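> What follows is a single structure, and I will ask about it in a moment.
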Amino acid sequence: MTITERVKEIRRDLHRNPELGGEEWETSKRIQAELEKAGIPFKTGFAKTGVLGIIEGSGSGGTVALRADIDALPIIEKTNVEFKSTVAGKMHACGHDAHTSMLLGTGFKLQEMKDQLPGRVLLVFQPNEESTPIGGARPMMEDGVFDEYKPDVIFGQHVWPDLPVGKIGVRDKEMMAASDRLSFTITGAAGHASMPHQGKDAIVVTAEFISSLQSIVSRNMNPLESAVITIGTINGGYRYNVIADHVELTGTVRTYSKQAKSTIKRRIENLVKGFEIAYEVKIAYDYIEGYDATVNTPEWAELVRDTAVGSFGEEALPTVDPSMAGEDFSRFLAQYPGAFYWLGCAKEGEEIPKPLHDPEFYFNEDAIEIGVDTMVKVTVKALEKLKELR
């Protein structure tokens, strides 16, 4: 069995048996078993289910870390693949099964050539990526994942359905946005629907409030700087003829710069105060800071770019815009230099691919060989560069 076939087999097994963040016990055991089978030493106990594989090269060069996330999502799968999820209400809809299996495959290849490696490689299997704001990166670091072996550089690879197989997406700086949470409880006064003057309608206030939130981006942000405010849930009211006395809202804020985030936070606080006065209601408000923006180190993004071009040609490296989605890998990049890049995985002939987090998300397994090959070559190239810098 080739390494590609082995990776595909592992990926399909993980896809059949998804586990949510903080529950990845069987996934962790499978990772450990595969590392043991390949003769790769490992350590456990990081953020409960996290695993660290350690490949020692023959030289005394630098240390390169490679990260894969291992958790699934609470989504009912709607694909027709033969290896679809067997766990009700859980699905690998963000490609973490592919990330995990491809990192294992990368480890298998690097272990076979370890005598040629001028340094050390760390295989970081991270749990709980989907669980912002806690995540798994920070807990892994707090549990000492890099206490003994500190990476000189860290790389992360994420499957990307917006790109076809054979394409690599990477940027010098911002790749993905900061991902923060919002919650509001608007409290007014109930009453009969026919006598609105006797109550304080929390639903009417909510409608105006949501519109005003959107004006923050359209009227307070520089049009050349990206930001998103989205309200995702609204809960309130009793029945058709009762004025609602409270409404609960949750949402998210996405930004790239700290200045943009600061502006949005300040404007939301001002809106809350203004609405309380104007509508004589109370608004309980919470802004929960989540993942930071995922910002690459330019020199290491350039290394990924050079690797992709050298392996697959200039056509493999399209110009890509950053995404407003969030990523826990940002917390690794806040501590260590490195780069995060996207691996094209669109299904051939699919005009509009199903996006990440969709119940019908499809990972084209033709990307497996490219993903493993890219990670191996990025690692070797990075180790060689670190050796030169020493």
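Where a number appears in this text, it was derived from the coordinates with a stated rule and is not lab data. Not measured: the values here are computed from a predicted model. As a convention, Cβ positions derive from the backbone with ideal geometry for all residues, glycine included, and neighbour counts pool all protein chains shown.
> Excluding Q126 itself, calculate the net charge of residues whose Cβ lies under 12 Å from the Cβ of Q126, where each Lys or Arg counts +1 and each Asp or Glu counts -1.
Overall, the nearby charge balance is -4.
> Relative to a virtual label point 7 Å from the Cα of I134 in the Cα→beta-carbon direction, which members of the stretch 37-66 show backbone nitrogen distances below 15 Å?
Answer for this model: 46-50.
> Taking the Cα atoms only, what angle lies between the long axis of helix 258-279 and the longest principal axis of the chain, rounded to 10 degrees?
The answer is roughly 20 degrees.
> Please report how far the C-alpha centroid of the stretch 271-303 lies from that of the stretch 34-93, rounded to the nearest whole angstrom.
31
> A further question follows. In the stretch 1-86, which GluC sites (Glu not before Pro) are in a loop and have at most 12 other Cβ atoms within 10 Å, using DSSP for the loop call?
Loop-located and lightly packed - E82.
> Just flag the trypsin sites (Lys or Arg not before Pro) in the stretch 206-297 sitting in loop per DSSP whose Cβ has no more than 14 other Cβ atoms within 10 Å.
Counting only loop positions with at most 14 other Cβ atoms within 10 Å, the trypsin sites (Lys or Arg not before Pro) in the stretch 206-297 are R239.
> For the chain, take the longest principal axis of its alpha carbons; what is the angle in degrees between that and the long axis of helix 202-220, to the nearest 10 within 0 to 90?
50
> Could you list the chymotrypsin sites (Phe, Trp or Tyr not before Pro) in the stretch 170-268 that lie in coil according to DSSP, counting only those with at most 16 other Cβ atoms within 10 Å of their Cβ?
Y238, Y240
> Further question on the same structure: Report, to the nearest 10°, how far helix 25-38 tilts away from the longest principal axis of the Cα atoms in the chain, using its own Cα long axis and a range of 0 to 90°.
20
> While we're on this one: Can you tell me the mean projection area, over all orientations, of the convex hull of the stretch 241-390's alpha carbons? Units nm², please.
14.5
> Further question: Grab the other residues whose beta carbon is less than 13 angstrom from that of P355, score K and R as +1, D and E as -1, and report the net.
Value of the local net charge: -2.
> Stokes-Einstein at 25 °C, 0.890 mPa s, Kirkwood radius from Cα pairs: D for the stretch 215-312 in µm² s⁻¹?
144
> Continuing with this model, one more query. Using a 7 Å offset from the Cα along the Cα-to-Cβ direction at both K258 and K114, what is the distance between the two label points in nm, to one decimal?
4.0
> What number comes out for the charge environment of D152, summing +1 per Lys or Arg and -1 per Asp or Glu over other residues with Cβ under 10 Å away?
It works out to a net charge of +4.
> Between Rg and the Kirkwood Rh of the stretch 344-390, both from Cα atoms, what is the Rg to Rh ratio?
Checking Rg against Rh, the ratio lands at 1.24.
> Continuing with this model, one more query. If each residue of separation counts as 0.36 nm, what is the full-extension length gain between M195 and K347 once their alpha-carbon separation is subtracted?
Once the chain is fully extended between M195 and K347, it gains 49.1 nm.
> According to a simple spin-label model (label point 7 Å from Cα along Cα-to-Cβ), what is the distance in nm between K150 and H357?
Here the answer is 3.5 nm between the modelled labels.
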